[in-house]
1. Report, in order of residue number, the helices in the chain meeting two criteria: a C-alpha extent of 24 Å or more along the helix axis, and a mean Kyte-Doolittle hydropathy of at least -1.0; treat each whole DSSP H run as one helix.
2. Just the number, please: carbon plus sulfur as a percent of the accessible area of the chain, 1.4 Å probe, no ligands or DNA/RNA counted.
3. Evaluate E = 1/(1 + (r/R0)^6) for residue 75 and residue 342, where r is the Cβ-Cβ distance and R0 equals 25 Å; express this FRET efficiency to the nearest 0.05.
4. Please report, in debye to the nearest 20, how large the charge dipole of the chain is about its Cα centre when each Lys and Arg carries +1 at its beta carbon and each Asp and Glu carries -1 there.
5. Put a dot 7 Å past each Cα toward the Cβ at residue 122 and residue 274; how far apart are the dots in nm?
6. Which far-off residues, 5 or more places away or on another chain, put their amide H under 5 Å from the one on residue 201, with H placed in the peptide plane?
7. Heavy atoms of the protein only, probe of 1.4 Å, neighbouring chains included. What is the accessible area of residue 147 in Å², nearest 10?
8. Inverting the mean 1/r over all pairs of different Cα atoms, compute the Kirkwood radius of the range 62-155 and quote it in Å.
Amino acid sequence: MAKAGNLLVGQEIIPSLSSAEILTRLKNAINGELNVNGLQLKIQTSSDLDYYSETSHQNTWFSELHLLVSGSQLNMPSASEITSNDNSLRCSTPPFDGLADLCSWLQLTDGRISGRAASINLRVGPPVDMIFESSNLHENNFKLSLTAHPKFDISKVGLATREFPGSGLESRKQSSKLISWKRIKGGLRPGLLGMKLTNADSVLAMLTVGGRTIRRQWFNDPNKAINARYVATQLFDKDLKQLRQAVLEPTDSFRFEQGIASLLYLLGFSNAIQVETQAPDILVTSPNGKVAIVECTMKISDFQTKLGKLVDRRNALMASLNATGHNLRVDAFLACGLPKAQIAIEDRQLINHKVTLLCREDISNAFLQLRIPTNPDDMLDKAAAKLTEVKNSIA
């Protein structure tokens, strides 16, 4: 724990707690209170605490228990406060190159800068999960590794599998009884599933606990894919590791922009990164000639600026197309490398401007569609229809 100006920063890692202690800490956090390194901390609020959970999301691929507890909005620090805090952190032990460096190390964001409320973010991991590194699909042989808490009742584990392309309903199976579990004294309990499949380019594994979804994950045979663009790209970027890093762990704005363009190519679009600075980042066309523009951003601070430019350029492009006899709809997308919960913008604002937001979760889900050729025209139509549907529902 260290003090930097008017900030108190730190991290506490507790090796083990009893179940009673864990429940007590969770209950206190739900009430906006924390006990960290012997300090009693409490969220300031002028009214009741606000609660938000990702648990109710239907299309997530990993479902841990989640609750965001929020209080009053934080005040924007003055320039002198920011300078003072940065200088204090550079003189601290250990030193950090200002608050941005500290937030990056703690994997947090400065809520004062983004205009967010003071909050406590609670996440509780599941008692069982898949281990990707030791799981694979090769020539119709599927191996799935799992790990479970040593005190967890494995009879509550459910595992369903679906192979693709497969051979009808026989490709869909309940496979939990095929898992071989071992006991290791004093350690996590490993489990192993081995299956011989029939016609599998990929297999979907769906893990549940007591009937509640924990994780869904596609496993792909690296030597098989229907999408020729995917095969060509993976030849030079094995398992798309560089592309995933560029768009899911962005550190450079131009590389993020290149990654989004590459991802659109893999999805079946024709696109080009613009050289002219007074232009959208990416211009996109579909096989049937539909047009879209994409702006890319990694930061919250320039979100409104990017949105304004995107709307202006979309309207200018539509006017130019209409003037030359091309009566085309132009779709607008704003791609952001941050999770949806960290983006301080109202959905109503996006909908009114007819802009579709592609946050980190959307970008991550796009990778699941790459092995099979998609219809880019349908993707654009569905995005436009969703905007209209949501706008009508809130009108």
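The values are calculated or read from the model by the stated rules, or taken from the named source; none is laboratory data. The structure presented is a predicted model; accordingly, all values stated were derived computationally and were not measured. Glycine gets a Cβ as well: all are built from the backbone with ideal geometry, and neighbour counts include every protein chain shown. Remember, those area values only see protein heavy atoms, side chains included, never the ligands or the DNA or RNA. Shrake-Rupley method; radii C 1.70, N 1.55, O 1.52, S 1.80 Å.
1. 303-323, 376-394
2. Values: 12140 of 22940 Å².
Whole-percent figure for carbon plus sulfur exposure: 53.
3. For residue 75 and residue 342, the calculated efficiency is 0.85.
4. 1220
5. It works out to 4.6 nm between the two label points.
6. So residue 201 has HN proximity to 164, 166.
7. 40
8. Working: mean 1/r = 0.0569 Å⁻¹.
Mean inverse Cα-Cα distance, inverted, gives 17.6 Å.
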